[in-house]
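Undergrad: Mind looking over this structure? Questions follow.
The values are calculated or read from the model by the stated rules, or taken from the named source; none is laboratory data. Since this is a predicted model, take the numbers as computed values, not measurements. Note that each Cβ is placed from the backbone with ideal geometry, even for glycine, and that neighbours are counted across all protein chains shown. Just so you know, the surface numbers come from the protein's heavy atoms only, side chains and all, with ligands and any DNA or RNA stripped out. Shrake-Rupley method; radii C 1.70, N 1.55, O 1.52, S 1.80 Å.
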Amino acid sequence: MSKNIQAIRGMHDLLPDRIGPWQRLEDGTRQVLESYGYSEIRTPLVEVTELFKRSIGEVTDIVEKEMYSFPDRSGDSLSLRPEGTASCVRAAIEHGLLDQPRRLWYRGPMFRHERPQKGRYRQFHQIGVEVFGLEGPDIDQEVLFLTQRIWRILGLDGLRLEINSLGEGEERAAYRAELVAYLEAHDEHLDEDSRRRLETNPLRVLDSKNPDMREVIAGAPVILDHLGEASRRHFEQFCAGLDAAGIAFHVNPRLVRGLDYYNRTVFEWITDDLGAQGTVCAGGRYDGLVAQLGGRPTPAVGFAMGLERLVALLEAGPQSGATANPPPLDAYLVAVGEAAQAAAPALAERLRDAVPGLRLLCHCGGGSFKSQFKKADRSGARHALVLGEGELARGVAGVKPLRAAGEQRELALDELGTFLQAARR
Ligand code: HAM
């Protein structure tokens with residue numbers, strides 16, 4: 001017998017009994033984003049490969065090693081999107097959205113061929129925000145206030161905020177030269193990966209997780225010492241705004257991010273509760289990207305949250321478990337006998353019309369009274385509604401509480417709506 005086909009490594013099914021925290025996260029986040037005036041955008045999962053190469057950068061891990069790229073039937077190279085920023089910028093240019101400031105958000109799966117481990121997957125999900133057309137530190141603050149509010153409504157405390165400024169192009173170039181000189185002078189302490197990065201993307205050496213590199217990285221020059229006047233003022237005002245709002249943060253001069261498009265403000269929200277994959281939300285400013293992709297120069301800032309990591313925190317938190325799952329059914333309609341079975345779906349529709357938002361499951365597929373009742377009980381519904389041949393003939397239904405003590409009683413079919421409405425309160 002052939003082996004059953006299974007999901008691809010690093011790509012996971014989200015099963016109904018685990019969906020509660022996902023919905024809580026997605027609904028809560030959406031409410032906050034809407035309350036700050038952000039509009040949702042949806043872009044395709046697949047884009048031309050060139051888009052990601054030109055935005056994320058040719059010599060980044062994502063583009064060099066992690067993209068799912070393939071030729072389509074006409075020979076174009078396409079890629080599953082590894083992140084959402086590039087697609088948003090492409091869409092904003094393509095549809096002329098950059099004529100005024102825009103606050104956009106999106107959510108959906110992203111794809112990176114990384115080595116799967118806890119908190120790191122090949123298909124993962126992000127909710128992200130991209131703001132176009134605003135250059136001041138006030139909007140950098142706003143996106144952080146917004147994330148802070150999301151943590152608060154989800155009951156997530158214990159996240160740390162790390163920030164840094166990457167300055168502007170020339171500032172970074174001068175810094176890079178100094179960093180390269182320093183690293184070359186300490187060549188004997190570099191691992192193989194860092195030697196390679198020294199050639200291609202030296203700032204990423206600072207991101208090395210190799211404990212043997214800790215000392216040499218600690219002694220490296222820092223970019224904050226290379227900021228020009230305007231970048232320094234932007235960063236200081238950004239920090240002052242966080243202080244004024246009471247948001248605690250740590251300036252981490254080694255925070256460089258793994259995508260090439262950033263300038264000035266960058267940040268990460270980090271938890272210590274998930275092991276090595278502790279960054280739950282990350283982003284920053286990318287003022288050059290729109291022009292780089294052919295649009296008119298437009299400042300921009302954004303972030304993306306990793307939903308798998310946030311769900312892991314929610315599952316470990318005090319509000320995990322059954323209470324986080326979707327609300328239970330109000331009723332399960334049991335119908336036994338040919339005529340009752342035939343009448344049940346129409347009765348269910350009448351009840352749904354009568355009680356907006358009613359959560360009612362109408363049994364399908366027949367079966368004995370006993371077996372249907374068992375299913376009603378297992379469904380978690382609050383009440384069973386019972387329609388047999390006798391009830392149908394008398395124009396009534398049996399009503400039995402399933403989650404509380406109480407006998408079954410009969411109600412006229414046209415009283416059921418009022419009863420169910422009252423029982424929901
Ligand atoms: P990123 O740092 O590559 O940034 O990803 C953002 C977040 O997505 C990470 O902090 C993490 O929580 C989650 N994440 C990334 N890769 C994985 C993975 N393999 N498995 C599980 N979770 C993952 C970006 O994607 C930028 N587009 C963020 C941004 C938006 N910057 C400006 N605007």
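Undergrad: Given the conditions (1) open to solvent by 30 Å² or more (accessible area, probe 1.4 Å); (2) closer than 21 Å to Q277 by Cα, and given that I150 satisfies all but one, which numbered condition is not satisfied?
TA: (1)
Undergrad: Now a separate question. Out of segment 194-247, which residues are polar (S, T, N, Q), in contact (Cβ under 8 Å) with a residue 24 or more places away in the chain and surrounded by fewer than 18 Cβ atoms within 10 Å (Cβ to Cβ)?
TA: Hits for segment 194-247 are T200, Q237.
Undergrad: Just one of (1) away from the ligand (no atom under 14 Å from the Cβ); (2) at pLDDT 95 or above; (3) buried (at least 16 other Cβ atoms within 10 Å of the Cβ); (4) aliphatic (A, V, I, L, M) trips up V251, so point out which.
TA: Looking at each condition in turn, V251 falls short on (3).
Undergrad: Can I ask one more? Does A181 satisfy being open to solvent by 40 Å² or more (accessible area, probe 1.4 Å) and either under 25 Å from E268 (Cα atoms) or touching a residue at least 60 places away in the same chain (Cβ under 8 Å) (or both)?
TA: no
Undergrad: Show the residue pairs meeting these rules: Cβ distance below 6 Å; 6+ apart or different chains; first residue within segment 257-268 and farther than 15 Å from P299 by Cβ; second residue open to solvent by 20 Å² or more (accessible area, probe 1.4 Å) and near the ligand (Cβ under 7 Å from one of its atoms).
TA: Taking only residues 6 or more apart or on different chains, the pairs are E268/T279.
Undergrad: Go over the candidates D260, D287 one by one and state the one that is surrounded by 15 or more Cβ atoms within 10 Å (Cβ to Cβ) and either within 21 Å of S194 (Cβ to Cβ) or more than 16 Å from the ligand (Cβ to nearest atom) (or both).
TA: Only one candidate passes the filter, namely D260.
Undergrad: Going through segment 370-388 one residue at a time, which ones are under 15 Å from A344 (Cα atoms) and either of a type in the set (S, T, N, Q) or open to solvent by 90 Å² or more (accessible area, probe 1.4 Å) (or both)?
TA: Scanning segment 370-388 gives a single hit, Q372.
Undergrad: Can you tell me how many residues within segment 64-89 are hydrophobic (A, V, I, L, M, F, W, C) and open to solvent by less than 20 Å² (accessible area, probe 1.4 Å)?
TA: Qualifying residue count, segment 64-89: 3.
Undergrad: Which condition breaks for I270 when tested against (1) more than 12 Å from the ligand (Cβ to nearest atom); (2) out of contact with any helix residue (DSSP H, G or I) (no Cβ under 9 Å at 6 or more places or on another chain); (3) open to solvent by less than 40 Å² (accessible area, probe 1.4 Å)?
TA: (1)
Undergrad: Which residues, taken from segment 47-60, are surrounded by 18 or more Cβ atoms within 10 Å (Cβ to Cβ), in contact (Cβ under 8 Å) with a residue 60 or more places away in the chain and touching an Asp or Glu at 6+ places or on another chain (Cβ under 9 Å)?
TA: Once the filter is applied, which keeps residues that are surrounded by 18 or more Cβ atoms within 10 Å (Cβ to Cβ), in contact (Cβ under 8 Å) with a residue 60 or more places away in the chain and touching an Asp or Glu at 6+ places or on another chain (Cβ under 9 Å), segment 47-60 yields S55, I56, G57, T60.
Undergrad: In segment 93-122, what count of residues is obtained for those that are within 8 Å of the ligand (Cβ to nearest atom), part of a strand (DSSP E or B) and under 19 Å from E47 (Cβ atoms)?
TA: Here the count works out to 1.
Undergrad: Sticking with this one: If we keep just the residues of segment 33-46 that are closer than 16 Å to E130 by Cα and hydrophobic (A, V, I, L, M, F, W, C), which is surrounded by the most Cβ atoms within 10 Å (Cβ to Cβ)?
TA: Checking each candidate, the answer is L33.
Undergrad: Can you say whether A86 is within 16 Å of A300 (Cβ to Cβ), among the small types (G, A, S) and touching an Asp or Glu at 6+ places or on another chain (Cβ under 8 Å), as far as the supplied structure shows?
TA: Answer is yes for this residue.
Undergrad: Within the group T60, T49, which residue is β-branched (V, I, T), out of contact with any helix residue (DSSP H, G or I) (no Cβ under 7 Å at 6 or more places or on another chain) and under 29 Å from L146 (Cα atoms)?
TA: Working: T49 fails: under 29 Å from L146 (Cα atoms).
The conditions single out T60.
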